[in-house]
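FYI, it's all coordinate maths here, none of it is from the lab. Note that this is a predicted model, so its numbers are computed, not measured. Every residue, glycine among them, receives a Cβ derived from its backbone with ideal geometry; neighbour counts consider all protein chains shown.
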Amino acid sequence: MRVLKALALAASVFVATPALAAGEAPAAPNAGFSFNALLGTFDRGAQQRGFQVYKEVCSACHGMRLMSYRNLLDIGLSESEARAIAASFQVTDGPNDEGAMFERPARLSDRFRSPFPNDQAARAGNNGALPPDLSVITKARHDGANYVRALLIGYRDPPPGVTVMDGMHYNEYFPGHQIAMPNVLNDGQVTYADGTNATVDQMARDVTTFLAWAAEPETERRRQMGVKILVFLAILGGLAYATKRKVWADVKH
Amino acid sequence: MAIGLHDSQVSNPVLRWIDQRLPVVTMMQKEYGTFPTPRNFNYFWNFGALALINLVIMIATGIFLAMNYQPHTAHAFDSVERIMRDVNFGWLIRYVHMNGASMFFIVVYIHIYRGMYYGSYKKPRELLWMLGVVIFLLMMATAFMGYVLPWGQMSFWGATVITNLFSAFPIVGPEIVTWLWGGFSVDNPTLNRFFALHYLLPFVIFGVVFLHVAALHITGSNNPLGIEPKGPQDTLPFHPYYTIKDSVGIVAYFALFALLVFFMPNYLGHPDNYIPANPLVTPAHIVPEWYFLPFYAILRAVPDKLGGVLLMFGSILVWFVLPWLDTSKVRSMRFRPVARIFFFLFIVSFFVLMWAGGKPAEQPYVIISQLATAYYFLWFLVLLPVLGKLEKPLPLPESIAAAVLGTKAVLGGGPIPQAVAAKPMEKA
């Protein structure tokens, strides 16, 4: 029994850290995300729907501790909408003048509330597995966006001959295939305000778009600045080369 | 030597007042204005200037990063992400610094291999070359410690693997490792001292770069022909000829730099370094940054730990004695038809090592690494000394001007601009 327990613990540690676990998994298919293109941008609608999926589904187990509610303004939510979303969460503040910690509704300046107070509590609530923080998840995996989306739609019945350990689930794209996270997306899991049909594939795409933006919120500004700088350098390079030709014109070298 | 004001030629009265008391204007004019430079440089001679610019960029961005970075295991990872998200243009500063390290190594590798191909290390430039090797070693130490600072998984495990190399030394090894760590594992004291040293070493590099440039201005530059300039017809004043030629290279360099920073900032990094460091979970493959891969491959090519460590350090230390290993009288590989073939094979072995270093330590990569390592050392320790004696080099041109202009034109001398020709150049 103790051996089993130790094995289960070891397995959960192993499985809770996907990129690190040994085992072959097929490369994630290219989902053709607009933001993966060299000059691509994020689909605002998908970002907002993706935030809804995160809020209503993922955030039950996964924190995003690097995100603040004010960041939601950047995906097109109005200030009052963002304030209302923040206020729907209770966060711990303090100590107050009596020296006691207290709960208050979150403000725009607060970080996203994490579902668990610490990693131990997270493990205790998840069969020993630690749901990773999702703030930079697409930067922290190879081909991150395609991988996350593939993982979310990659739940299958285990192929014949493969035994899935107790509390584990079979996923085609997870390294080692045995993942502690159950399949959480089912058709109609959330009701989109904009009327989009909430299929599993749609939700996976939307939440991946949201996570990819959260991992690199500067992406659009960065690419726009890059284009300007490359245009500038092209002109400067032309002038520099023309000047060089002129300076060297009467010198054989 | 007479004591008194310097005899300044500067016409602006304010500048002249300064120049008479501290002849910086005269010095700049002499070292970067009229400095006699071989007229036949190709674009490979841009890379020294590029490396200096890269160093300045790294120091400038690094200072701003240090204003916002927290060298503590509990805060380092999040403070880097805070820079990316909440500091004004923090993402730009950090991505420039991060990709700047890669650009620095690209530039410096080209600079080093240019020196090897054209024999720039040979007499009288041995010390110039050795100072360059010192700079490269300092760069490696700085880059390694910088990679530890974000405190991601690769930071932590890279630091663990590399510091553990010292444990291979008999008797004192484990003591050295404890001393490096400041404890019994890679932990907060390690991160703290790495941050302090990562801030210090670039200024040490700057000092050695100054010596490198000072030594260069004593011997003058080598050139693609590898023969010394014999007179004014062989040289051009540094300005405007090479200031403008360097400018062209600088713009091209900035374009590649911008492509990395703005469109593929994480391409050269490893995704695992965006997972916060966790001493309990070892990544499946611990790999260093790409620029260390050739040396990492040499380390892993040897089954014995101490042997691997010695060979890895030896693969760079051998550069120090390169001026004496190469017995050929001819500098440039242009005139060494046999050595040239083996030199290109040496370049190939370096790239093979770089490729194999990124692969897991299993077959066939181990045997490939071993073969490439063997050739790497064969080149330095056997081929170079032997070929210098056996090979019959092609005839060298009479002078740079003769090669460039054809023998007839040499008598006329190079077209030195009036203003420059008016001031006789002192040989430093």
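Quick notes on this structure:
- GNM top mover of A:ALA60, A:ALA150, A:ALA204 - chain A, alpha-carbon springs below 10 Å: A:ALA60
- Per principal axis, descending, Cα span of chain A in whole Å: 89, 59, 42
- Each principal axis of the range B:351-400 carries a Cα extent, and these read 52, 23, 12 Å when sorted largest first.
- HN-Hα J in Hz across the range B:40-45 - Karplus 6.51, -1.76, 1.60, θ = phi - 60°, x for Gly and Pro: 10, 4, 9, 5, 5, 7
- Ordering A:ALA193, A:TYR54, A:VAL227 by the projection of their Cα atoms onto the charge dipole of chain A, which places +1 on the Cβ of Lys and Arg and -1 on the Cβ of Asp and Glu, puts A:VAL227 at the extreme positive end.
- Kirkwood-based Rg to Rh ratio, the range A:89-147, C-alpha trace: 1.12
- Nearest-ten-degree value, helix B:305-317 long axis tilted from longest Cα axis of chain B: 20
- The protein assembly as shown: translational diffusion in µm²/s, Stokes-Einstein, Kirkwood Rh over Cα pairs, 37 °C, 0.692 mPa s: 113
- Rounded to the nearest 20, the Cβ-based charge dipole of the range B:150-256 about its Cα centre (Lys and Arg +1, Asp and Glu -1) stands at 100 debye.
- Taking other C-beta atoms within 10 Å as the exposure proxy, B:MET67, A:MET181 rank B:MET67, A:MET181 from fewest upward.
- Gaussian network model of chain A, Cα within-10 Å springs - most flexible of A:VAL227, A:VAL184, A:VAL207: A:VAL227
- Cβ neighbours within 10 Å from other chains - mean over B:269-275: 6
- Chain B, relative contact order [Cα under 8 Å, separation at least 6], %: 21
- Cβ neighbours within 10 Å from other chains - mean over B:238-250: 4
- In the elastic network of chain B, a GNM with C-alpha springs shorter than 10 Å, the most mobile of B:PHE47, B:PHE377, B:PHE89 is B:PHE89.
- Shielding by partners - mean other protein chain Cβ count within 10 Å, residues of A:237-244: 5
- Across the range B:180-187, coupling constants 3J(HN,Hα) worked out from phi with the 6.51/-1.76/1.60 Karplus curve, θ = phi - 60°, read 5, 6, x, x, 10, 7, 5, 8 Hz, and Gly and Pro carry x.
- Farthest toward positive dipole pole in the protein assembly as shown [+1 Lys/Arg, -1 Asp/Glu at C-beta], among B:LEU394, B:ALA196, B:PRO303: B:LEU394
- Average silhouette area of the range B:119-209, convex hull of alpha-carbon atoms, in square nanometres: 7.4
- Binned Cα-Cα distance frequencies in chain B - 10 Å width, integer %: 4, 18, 27, 24, 16, 9, 2, 0
- Nearest-ten-degree value, helix B:188-219 long axis tilted from longest Cα axis of chain B: 20
- Close amide H partners of A:SER68, meaning residues 5 or more places away or on another chain with modelled amide H under 5 Å apart, are A:PHE112.
- If only the Cβ of Lys and Arg carry +1 and only the Cβ of Asp and Glu carry -1, the dipole of chain B around its Cα centre is close to 1240 debye.
- Each of A:THR208, B:THR190 was scored by other Cβ atoms within 10 Å of its Cβ. Listed from fewest to most, they are B:THR190, A:THR208.
- Three-way shape call for the range B:1-147 based on the alpha-carbon gyration tensor, with the a/c threshold at 1.5: oblate
- Mean separation of Cα contacts under 8 Å (6+ apart) over length of the range B:12-130, as relative contact order %: 26
- Charge dipole (the protein assembly as shown, unit charges on Cβ, about Cα centre) - positive-most of B:SER185, B:GLN233, B:PHE351: B:GLN233
- Rounded to 10°, Cα long-axis angle of helix B:337-357 versus longest principal axis of chain B: 30
- Using Cβ point charges alone (K and R +1, D and E -1), the dipole size of chain A about the Cα centre works out to roughly 1100 debye.
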